[in-house]
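Colleague: One structure, as structure tokens, below. Some questions next.
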Amino acid sequence: MKSRKIELDVLYAILTIFGLILIGTVFYHLNEALSWLDSCYFTTMTLLTVGYGDFAPTNDVSKIFTMVYALISIPAILFCLGLIVNDFIKQRIEEVEERISKIVDRNKHS
């Protein structure tokens, strides 16, 4: 199996996802007095639109941040995940085309 170079847009997408999680985690840790783990958990649940309800913003600044953060970050996360999935699908299509090409070539020479 040949090694594959990761596409630049996929790398940017992964870095963007981690960056958005980091921004939310730091904000909630500082403004909601949550532990780092709870802050990261709340951020991840917000970005994935799960919203279990076990954590919620408790002050006005955090509520406003969460509204703006969700409106910007959720579409950004979806876009980034779309780039990653698209790259994965492109890779699979190339592998299938390569297999088909080998089969066709073998059948031509038989």
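Bear in mind that the values in this text are calculations on the coordinates, not laboratory data. Fair warning: this is a prediction, and the values are worked out from it, not measured in the lab. Cβ coordinates were reconstructed from backbone atoms using ideal geometry, including for glycine residues, and neighbour counts include every protein chain displayed.
Colleague: Tell me, which residue of region 33-55 that is out of contact with any helix residue (DSSP H, G or I) (no Cβ under 7 Å at 6 or more places or on another chain) and surrounded by fewer than 15 Cβ atoms within 10 Å (Cβ to Cβ) is nearest to LEU71 (Cα to Cα)? Please lay out each step first, then the result.
Modeller: Here is the first cut: in region 33-55, the residues out of contact with any helix residue (DSSP H, G or I) (no Cβ under 7 Å at 6 or more places or on another chain) are 33, 35, 37-38, 41, 45, 48, 50, 53-54.
Narrowing further to those that are surrounded by fewer than 15 Cβ atoms within 10 Å (Cβ to Cβ): 33, 35, 37, 48, 50, 53-54.
On the way: ALA33: 23, SER35: 24, LEU37: 23, LEU48: 12, VAL50: 15, GLY53: 18, ASP54: 21 Å.
Among them, the one singled out is LEU48.
Colleague: Which members of region 1-51 meet the condition of being β-branched (Val, Ile, Thr) and under 21 Å from GLN91 (Cα atoms)?
Modeller: Correct list: ILE6, VAL10, ILE14.
Colleague: Exactly one condition in (1) farther than 22 Å from THR16 by Cα; (2) assigned to a loop (DSSP other than H, G, I, E, B) is false for VAL61; which is it?
Modeller: Unmet for VAL61, out of (1) farther than 22 Å from THR16 by Cα; (2) assigned to a loop (DSSP other than H, G, I, E, B): (2).
Colleague: I'd like the full set of residues that are assigned to a helix (DSSP H, G or I), of a type outside the set (S, T, N, Q) and surrounded by 13 or more Cβ atoms within 10 Å (Cβ to Cβ), limited to region 23-32.
Modeller: ILE23, GLY24, VAL26, PHE27, TYR28, HIS29
Colleague: Pick from LEU11, LEU83, LEU15: which is touching a helix residue (DSSP H, G or I) at 6+ places or on another chain (Cβ under 8 Å) and either of a type in the set (D, E, K, R) or surrounded by 10 or more Cβ atoms within 10 Å (Cβ to Cβ) (or both)? Show your work before the answer.
Modeller: Working: LEU11 fails: touching a helix residue (DSSP H, G or I) at 6+ places or on another chain (Cβ under 8 Å); LEU15 fails: touching a helix residue (DSSP H, G or I) at 6+ places or on another chain (Cβ under 8 Å).
Testing whether each residue is touching a helix residue (DSSP H, G or I) at 6+ places or on another chain (Cβ under 8 Å) and either of a type in the set (D, E, K, R) or surrounded by 10 or more Cβ atoms within 10 Å (Cβ to Cβ) (or both) leaves just LEU83.
Colleague: Could you tell me which numbered condition ALA33 fails, if it satisfies all but one of (1) at positive phi; (2) touching a residue at least 24 places away in the same chain (Cβ under 8 Å)?
Modeller: Result: ALA33 passes all but (2).
Colleague: So, one more: Just checking, does region 100-107 include any residue being under 18 Å from VAL10 (Cβ atoms), part of a helix (DSSP H, G or I) and of a type in the set (Asp, Glu)?
Modeller: no
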